[in-house]
Amino acid sequence: MQRTIRAVAGGLIAVLVLLWGTVWLAREAPNSAVGVAVRGVAGLFGGAAAPSAGIAVPGGVQIGGPFHLVDDQGRAVTDASYRGRWMLVYFGYTTCPDVCPTELQTMVAALDKLGPEAASVVPLFVTVDPERDTPSVLAGYVKLFDPRVVGLTGTPEQIAEAARAYRVYYAKATPKGSSTYLMDHSSFVYLMDPQGRFSALFGQGSSADDLASGIQERLSQKS
Ligand code: NI
C-alpha cells in the first residue's frame, strides 16, 4: 500500500514537473522547434487552450493542503488563518533576479483589475528560501509591490511541508564562481477557494488579464 501511494505520488509530481518544464521551455524558446513542439505538449494539459481559465489539472491531482508558517509580522499562521477569503498563492524568494518580481507584479496588477472584489482575495508570497527570507526581509520585499501582499516563511521543514502540499519544486543552485546561491523553483500562481480547496492554477507568463478574468470567473461562481 505504502509503495502504491509512493508510486502514485511520484507520478503526480512527474506530471507537474513536466508541466512546469513545458511551460518554461515554451517561454524560453518560443520560436524554436522545441518551443513549438513543447507548446503542443502544454496544449494537451490545457495550458494553451484556456489561458484565462488557468491550466487544467489532471483529475484526481490534489493541490494544496495544510501548512504551518510564519507571516511577515512574525505571527504563526496556518492555511486555516485565511479561511473565508480566497488565497492567491505564489512560491518564490526575495533575491530572485527575474521571475518572482515579474509574477508578483502580475498578481498585484490582477488584483487592481478586480477592484473592490479583490478584498476577498489574500495574495500570499511563500518563500522557498527560508534561510535568507526572514519575516522582516519578507515584509520589506512584499510591501514594495503592494501592502496587501503577505509574505510567509518558516523553518525549512515547514517550507518543505507547504511546498509538498502545493507540489512546488525548489532547489538551491550555486552558479560557477559565485559565492551566493540562487533558488531554482517552479513558478505557478494558485487560486484556493474560501474553504482552502484548490480552485485554479495559472502558469508562468499568464497576463494580469488572464489572472483577473480567471479569478473573477471563480469568484462569481461562488457568490
Ligand atoms: Ni523566482
Students often forget the sequence filter, so: which aspartates and glutamates lie under 19 Å Cα-Cα from K143 once same-chain residues fewer than 8 apart are removed? D71, D72, D98, E103, D112, D129, D133
Under Stokes-Einstein, the stretch 48-114 at 37 °C and 0.692 mPa s, with its Kirkwood radius over C-alpha pairs, diffuses with a coefficient in µm²/s of 222 µm²/s
Among residues other than V189 whose Cβ falls under 11 Å from its Cβ, what is the net charge (Lys/Arg +1, Asp/Glu -1)? -2
Which whole-Hz couplings ³J(HN,Hα) result when phi for each residue of the stretch 179-189 is put into the Karplus expression 6.51 cos²θ - 1.76 cosθ + 1.60, θ = phi - 60°, listed in order with x for Gly and Pro? 9, 10, 9, 10, 10, 6, 7, 5, 10, 10, 9
Using each residue's phi in the stretch 125-139, evaluate 6.51 cos²θ - 1.76 cosθ + 1.60 at θ = phi - 60° and report the 3J(HN,Hα) Karplus result to the nearest Hz, with x for Gly and Pro. 10, 9, 6, 9, 10, x, 4, 9, 8, 6, x, 6, 4, 5, 4
Phi to ³J(HN,Hα) by Karplus 6.51 cos²θ - 1.76 cosθ + 1.60 over the stretch 97-111, Hz, x for Gly, Pro: x, 9, 5, 4, x, 5, 5, 5, 4, 5, 4, 5, 4, 5, 4
Alpha carbon convex hull of the stretch 51-222, volume per residue in cubic angstrom: 113 Å³
Within 10 Å, Cβ to Cβ, of V149, how many net charges do the neighbouring residues add up to if Lys/Arg are +1 and Asp/Glu are -1? 0
L152's amide H: which non-local residues (gap 5+, or another chain) put their own amide H closer than 5 Å, with H modeled 1.01 Å from N in plane and none for Pro or chain starts? F125, V126, T127
Out of residues 5 or more away from V122 or on other chains, whose amide H comes under 5 Å of its own, with H placed 1.01 Å from N in the peptide plane? W86, M87, L88
So what's the convex hull volume per residue for the Cα atoms of the stretch 149-221, in Å³? 132 Å³
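All of the numbers you see were taken from the coordinates with simple rules; none came from a lab. A quick note: this is a predicted structure, and the numbers were derived from the prediction, not measured. Here the Cβ is made from the backbone with ideal geometry for all residues, glycine too, and neighbour counts use every protein chain on show.
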